[in-house]
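The values are calculated or read from the model by the stated rules, or taken from the named source; none is laboratory data. Nothing here was measured: the structure is a model prediction, and the numbers come from that model. Counting neighbours? That spans all protein chains shown, and the Cβs are built from the backbone with ideal geometry, glycine included. Ligands, DNA and RNA are stripped out before the accessible areas are found, and what is left, the full protein with its side chains, is counted by its heavy atoms. Shrake-Rupley method; radii C 1.70, N 1.55, O 1.52, S 1.80 Å.
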Amino acid sequence: MARQQCGCTNLCVHGYLCLLFMNTFQKVQEAAAFLQPFVPAQPGVGIVLGSGLGNFVQEIAVDKEIPYHQIPHFPVATVAGHSGRLIVGRVRG
């Protein structure tokens with residue numbers, strides 16, 4: 001495989017894989033840049049609520065709710081009953 005420049009600091013020997021990774025990294029950076037203004041301080045903890053844990057959101061002092069479809073490159077929830085929103089807030093305890 002021929003070496004090609006892909007955005008890495010060195011010439012890439014991974015070819016397509018490295019290009020795919022760089023594209024994913026750029027997407028994550030764009031999503032993070034979009035979310036940063038909504039987060040007043042760097043979070044100490046992140047919680048991902050799965051099936052059956054959605055009621056825990058009632059324990060959160062919500063600062064901001066962001067629908068998934070507004071976040072760049074973020075997957076949209078397809079499960080029935082899923083709220084499809086990212087919650088920024090605080091839990092006391």
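Overview of results
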{"read-out": "Every residue from region 71-93 that is open to solvent by 100 Å² or more (accessible area, probe 1.4 Å) and under 19 Å from Phe38 (Cβ atoms)", "value": "His73, Arg90"}
{"read-out": "Filter pass, Ala61 being touching a Gly at 6+ places or on another chain (Cβ under 8 Å), of a type outside the set (D, E, K, R) and outside any helix (DSSP H, G or I)", "value": "yes"}
